[in-house]
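Beneath this line is the structure, given in structure tokens, with notes to follow.
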Amino acid sequence: MKHILTLATCVLAFQVSAQIAEQMPRKATEQELLNSRQLGDDEVARAAAQGFRGGGDSTIVFFYEDFANGFAGNNGYGALSVEDSSPDNTIWQYVDAAGDGYFQDASASGVQPPAGEFSTNIGALSSLTADNGWMIFDCDYYNTPISSGVEDTEGFLNLPTLDMSELESVVITWDQYLRYCCYPFLPIFVEVSVDGGSTWTSFEAGGSFIPSANSASANPLVTSLDISCAAAGQGAVDIRFAYLQSPVTGGGYSHYYWGIDDITIEANPVANSLDLVQLTNGDVYFLFEYRVTPMDQAIPEADGGLLAGVLFRNEGYADQENCVITVEVLDDAGTVLSTTSTDPFTAPSFANNDNCPANPQDTLYIATGWEPEAAGEYVLRATMASDSVSDAGVLEMDIEYTDCEFGHDNPATLNVELGPRFDDENQFFEPTGYGNRYTFHNEGTTVYGLAVAFGPSLGSGIDFEIRWVDQDPEVGLSDSPYEFAEFTSDANWAGTADNPVYYPLAFEDEIEVPVNGLATPGFYAGAVITEFDFDDLELTVLGNGNSDTDNSTIIYQQAGSGDYVWFTSQTATPAIRLITCPVTSVDVLGAYNGVHLQGNYPNPTAGETRFTFTSDWGGDFMIELHDLQGRLVDVIDLGARPAGEHTIVYDATPLSDGMYTFSLLTQGVRVTKKMRVQH
């Protein structure tokens, strides 16, 4: 059985190799904090974000703190204390009923947290008792203004020492909201010590929040942790809420906020409880899962067939013996096509788990042996039972096998519109891009283009590209080589969540995909991107919110260095699919404007090569050469040319070996081809 800390933590194990880098956030409006425009019901989204509360209806409340008395405590046990990396412990603040902030020494901060220049006073924590006070680690305010310098921050909110010798199980629950910078790994933990603080056991405290740098969590994000393995039966238990730098990155966490309120510690009254948490079509630990799979990428029966991942949780205080998980595949008529059951196994309670911190959930990957015989819609279903729990519930996932589409998104649940950030100071929409990553199990797939479901706010006249990226683990996603084709957007392509339209966009040349590309196994990405800013135009794409549990989403944004780079670790899945059969594209930029650019000859070239183009009109022409990282290499000003065919001789001798692009520009038209230099 494969154990993982959380589904989000599974993803983080892969992110180390993703070459993600951001040094500083940028100022964002409240709308932009979610990095998307919500299309669904806000109340439904808020309810869906609530965490589990320790396994059923808890009835034995041992400790409760609502911060009505600030640092003095309102819990019946004693005062709270804070410590942080600032000289005077001034990162933590108590926020009173009026919204004003106070430090531990009772001095007023003079602001209403969160109050940093990047947080933009996003608003208070919407906890159960926010109207009588709450706590915040306001590292954004501490590092404001940026012009005075920036420090990585750490800090602890300490509860009074508690005697838990009579408790057989311990569950801590609290209301929180958070946003953090600058790497995907969560910086927040609940830590437990039973030896006076000499050693601490750390529990990740993100709850249901999918780790994503610069993204805001739900408000409130109700979170529960079973800390029985460290605290149950102990006579002197110290608990602290800890904001820490990631050991993976060694630093880089400097901004935004972490609000906390309504801390409850209770015993779990439920002995026997099993819950199914999530069902996946594929390995979300090391690779990706897919909702839509082309037939030529169906896993053959000889290789184990469809791989189902079943995430489950024992929320009781008793071990569950003889657990059995059953996975079925059904056709669209409800006929069971395949049934696979695991051998019986034990699901230990949190207190009895061999690991501490105990795994909030466990995962079994089950090779079903099933391979589809034909394209169509199917249902993946999982059930679970033990000696003491006859029914742990049912999870179902709609999956589809197609002739020529490969995707992660679900068109039935598109509830966000991914859009560019708006620069308030300069009043324009920033460059942006969205995409998905893929791996390929079988050899022989050819990619012809992308199918994109644009959002309702899409504007006409945006010059953008579709890209196919072969991720190079040595340089990272942003600097990896790519193929592309150029387009100009049309507002008529826009769809809605209720009526998405997947527009086909073709690459100039078909792409043969090796199973192993620059990475082993090969990791690839298909994306749309515009590297230009626009005063009032948005390149937007529909997506599924809170869905990127396999780290397959990429988004193009500005890093703190000022460069625009691809970020992984996102919370939404763009409605962008690969097309794996010949496709008739919407018009490629230039193809319908009377301009045609031929491929250079010879290609590859070691010296002189010829560029040939035809035009239906006369005008000024120019050729630009770029490397595959998009850097401008050379410009050839052709001056005024009449209509007709023209050939230009170019000396490529000074260029280094590798792939380049050359683009013909005239009267707002850009047509691009690829050229290889090989001396």
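Restricting attention to the range 298-312 and to residues that are crowded, with 21+ Cβ neighbours inside 10 Å and not aliphatic (A, V, I, L, M), the residue that is farthest from Glu443 (Cα to Cα) turns out to be Phe312.
Candidates are the residues of the range 140-159 that are outside any loop (DSSP other than H, G, I, E, B) and in contact with a Cys (Cβ under 9 Å, 6 or more places away or on another chain); the one that is modelled with the highest pLDDT is Gly155. When the range 121-140 is examined, which residues are found to be farther than 18 Å from Thr173 by Cα and surrounded by fewer than 24 Cβ atoms within 10 Å (Cβ to Cβ)? Across the range 121-140, the qualifying residues are Asn121, Ile122, Gly123, Ala124, Asp131, Asn132. Inspect the range 333-346 for any residue being within 30 Å of Glu443 (Cα to Cα), at pLDDT 95 or above, surrounded by fewer than 19 Cβ atoms within 10 Å (Cβ to Cβ) and of a type in the set (A, V, I, L, M) and give the result as yes or no. The answer is yes, given that some residue of the range 333-346 is within 30 Å of Glu443 (Cα to Cα), at pLDDT 95 or above, surrounded by fewer than 19 Cβ atoms within 10 Å (Cβ to Cβ) and of a type in the set (A, V, I, L, M).
For beta carbons closer than 8 Å, sequence separation of 6+ or different chains, a first residue in the range 502-522 that is in contact (Cβ under 8 Å) with a residue 60 or more places away in the chain and a second that is loosely packed, with under 14 Cβ neighbours inside 10 Å and among the charged types (D, E, K, R), the qualifying pairs are Pro514/Glu443; Val515/Glu443. Here the strands (runs of 3 or more DSSP E) wholly within the range 619-669 that include at least 3 residues being loosely packed, with under 11 Cβ neighbours inside 10 Å and without any contact (Cβ under 8 Å) to a residue 40 or more places away in the chain are 632-641.
Of the listed requirements (1) buried (at least 17 other Cβ atoms within 10 Å of the Cβ); (2) more than 26 Å from the chain's Cα centre (by Cα), Glu83 misses just one: (1).
Scanning the range 484-495 for residues that are at pLDDT below 85, part of a loop (DSSP other than H, G, I, E, B) and more than 19 Å from Thr413 (Cβ to Cβ) turns up nothing. The residues on offer are Thr161, Thr173, Thr153, Thr144, and the sole one that is in contact (Cβ under 8 Å) with a residue 12 or more places away in the chain and touching a helix residue (DSSP H, G or I) at 6+ places or on another chain (Cβ under 6 Å) is Thr153. Within the range 480-499, the set of residues being surrounded by fewer than 17 Cβ atoms within 10 Å (Cβ to Cβ) and not polar (S, T, N, Q) comprises Asp490, Ala491, Asp498. Of the strands (runs of 3 or more DSSP E) lying entirely inside the range 228-331, those carrying at least 3 residues that are aromatic (Phe, Trp, Tyr) are 255-267. Among the residues of the range 90-123, those identified as in contact (Cβ under 8 Å) with a residue 60 or more places away in the chain and in a loop (DSSP other than H, G, I, E, B) are Ile91, Pro113, Pro114, Gly116, Glu117, Phe118, Ser119, Thr120, Ile122, Gly123.
Across the range 238-253, the number of residues qualifying as crowded, with 24+ Cβ neighbours inside 10 Å and either over 23 Å from Thr129 (Cβ atoms) or in contact with a Gly (Cβ under 6 Å, 6 or more places away or on another chain) (or both) comes to 1. None of Ile529, Ile511, Ile555 is in contact with a strand residue (DSSP E or B) (Cβ under 8 Å, 6 or more places away or on another chain), over 25 Å from Ser663 (Cβ atoms), in a strand (DSSP E or B) and of a type in the set (A, V, I, L, M, F, W, C) except Ile555. I'd like to know if the range 157-172 contains one or more residues that are more than 27 Å from Ile555 (Cβ to Cβ), under 27 Å from the mean Cα position of the chain (by Cα), surrounded by fewer than 24 Cβ atoms within 10 Å (Cβ to Cβ) and in the same structural domain as Gly73 (by TED's automatic domain parsing). No, there is no match, as no residue in the range 157-172 is more than 27 Å from Ile555 (Cβ to Cβ), under 27 Å from the mean Cα position of the chain (by Cα), surrounded by fewer than 24 Cβ atoms within 10 Å (Cβ to Cβ) and in the same structural domain as Gly73 (by TED's automatic domain parsing). Just one of the listed residues (Gly630, Gly658, Gly639) is of a type outside the set (D, E, K, R) and modelled with pLDDT of 90 or more, and it is Gly639.
The values are calculated or read from the model by the stated rules, or taken from the named source; none is laboratory data. Computed from a predicted model, the values in this text were never measured in an experiment. Glycine also receives a Cβ, built like all others from the backbone with ideal geometry; neighbour counts cover every protein chain displayed.
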